[in-house]
1. Assign one of three labels to segment B:4-96, namely rounded, prolate or oblate, based on the Cα gyration tensor with a ≥ b ≥ c the square roots of its eigenvalues; rounded applies when a/c is under 1.5, prolate when it is not and a/b is larger than b/c, and oblate otherwise.
2. By how many degrees, between 0 and 90 and to the nearest 10, does the Cα long axis of helix B:213-222 differ from the longest principal axis of chain B?
3. When a footprinting reagent is the concern and you count Cβ atoms within 10 Å, what order do B:Arg4, A:Arg164 take, fewest first?
4. If you put a point 7 Å past Cα along the Cβ direction, how far is that point for A:Ala99 from the same point in each other copy, in nm, smallest first?
5. Averaging sequence separations of C-alpha pairs under 8 Å and six or more residues apart, then dividing by the length of segment A:108-260, give the relative contact order as a whole percent.
6. Test of understanding: in a Gaussian network model of chain A with alpha carbons linked when under 10 Å, which of A:Pro24, A:Pro233, A:Pro134 would top the mean-square fluctuation ranking?
7. Rounded to the nearest 10 degrees, what's the angle between the helix A:139-149 long axis and the longest principal axis of chain A, both from Cα atoms, 0 to 90?
8. For segment A:28-71 and segment B:22-95, what is the separation of their Cα centres, given in Å?
Protein chains: 2
Amino acid sequence: MRNRYFRCTIAYDGTAYGGWQRQPNAVTVQELLEKALAQLAGCPVVVHGSGRTDAGVHARAQVASFVAPLYHPLATICRALNANLPTDIRVRQVRTVSATFHARFSATSKEYRYQIDCGTVADPFLRHYAWHHPQPLDVSAMRRAARILKGPHDFTALAAKSERQPVRTISKLSIIPRGSLLTIAVTADGFLYKMVRSIVGALVKVGERRLTVEELRSVLEGRKRTALIATAPAHGLFLWRVTYGKTKRGRPRRVSRVVAATD
Amino acid sequence: MRNRYFRCTIAYDGTAYGGWQRQPNAVTVQELLEKALAQLAGCPVVVHGSGRTDAGVHARAQVASFVAPLYHPLATICRALNANLPTDIRVRQVRTVSATFHARFSATSKEYRYQIDCGTVADPFLRHYAWHHPQPLDVSAMRRAARILKGPHDFTALAAKSERQPVRTISKLSIIPRGSLLTIAVTADGFLYKMVRSIVGALVKVGERRLTVEELRSVLEGRKRTALIATAPAHGLFLWRVTYGKTKRGRPRRVSRVVAATD
């Protein structure tokens, strides 16, 4: 029997998990998804996610690809996987894809959202889904700081470890207040390790007026992680959307070119 | 030292609790609030809620009154109570009130909201906060049924036990679709036992076209609980708001009069 190539969209509440990626000392989402698939396929199945999410980070629409000898209708596969998974992990959709599709390498952009609960008293319904930050935040200063981060930059200063290709392009960075909830939405062609939580940590420090917009600019241009930047807690972060398809230039994205354009 | 009279607003995620009211075999919200107050006051404190909520039911703004020898500023009392409570229960506000205020007897109306997750696949973030109901619902039929329930009625047929004064007046009953979430908001001068969940059960049955609007009318007029009415699960229900103050006639509400007007 021939294998089929699949792409699935998964939502998960990361509270109970050691993150996306399979690892020895914690239960992870990838592990449970692979187990659910193996039960269904009757053989081991390896799943590739669009990227890792850390312990406690959530996903509204993580994307994963896998190859498996499964011939049921797609809606049946989706239902069967959900029957094999705990209720804090849900497969939202299963589609077939071409053999060249890879959840990570075919992705052209990703959006993360970070929720901050600005209420004086924490909202108990958001205790696992937002960072409670009751001190007042200067949203206009945060927006000025966000403008500095947009576009292509070497984001080493806002990442938890240095990488060989540290340039990423932020195409969208919005700060959206709604009642006492402040949402920071970031879209980029890719993210360095802990980049979103470092950006949130930096923007919040600007909002607290403990870091000026100019100081943030020189931290970014310094291309070195400094003690000025704190990492926001994991539980406010959601992998919101992964986008696939052609770039604006009408060709598949080549990482090296994006880097070359800016460095 | 003289006692002071207090009113507090509390939000709680009911998932882990045996409901509001103190009872022998389950941890309840009232019990934890009374413990937190006793720790602060150094003596037992009895708390009166605006009403009970069942196991698994949530509150966005439950109101409770109590009398205690506490002389700190109100914000300090609020902070200290939250320090003594688990994070799924939060005291949102503490105010002083006159000695005649009683969270239950002074209430003039209450609003409950019930959330239904109509998505094909359940939203993992709503698994404790909405009833997952993937079968299609006829929202216009539900709205026609809601119109029948509005106003003063003997609601015995939509309650889990009969009471001596079974007439309540529903002043608002809205059905609000937003994406795949359907919210039913009910405001009344009071509610019988499991009345909101029975109303939701009935409206959903109408939405499924397993009960006609006319059948619902005759069930209601029959003033007897029948097998036609199911009780919706607890975890979709939120005590949303409790209102105090004068009635429209400009005088404090007298229960007997409201009943007399309709029976």
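Readers should treat all values here as calculations from the given coordinates under stated rules, not as data from a laboratory. Everything numeric in this text was worked out from a predicted model, so none of it was measured. Because the Cβ atoms are built from the backbone with ideal geometry, glycine has one as well, and the counts that use them run over all protein chains shown.
1. prolate
2. Approximately 60 degrees, to the nearest ten.
3. The order, fewest Cβ neighbours first, is A:Arg164, B:Arg4.
4. 8.7
5. It comes to 34 percent, rounded to a whole number.
6. Per the Cα network of chain A with a 10 Å cutoff, A:Pro24 tops the list.
7. Once rounded, one gets 70 degrees.
8. Going from one Cα centre to the other spans 43 Å.
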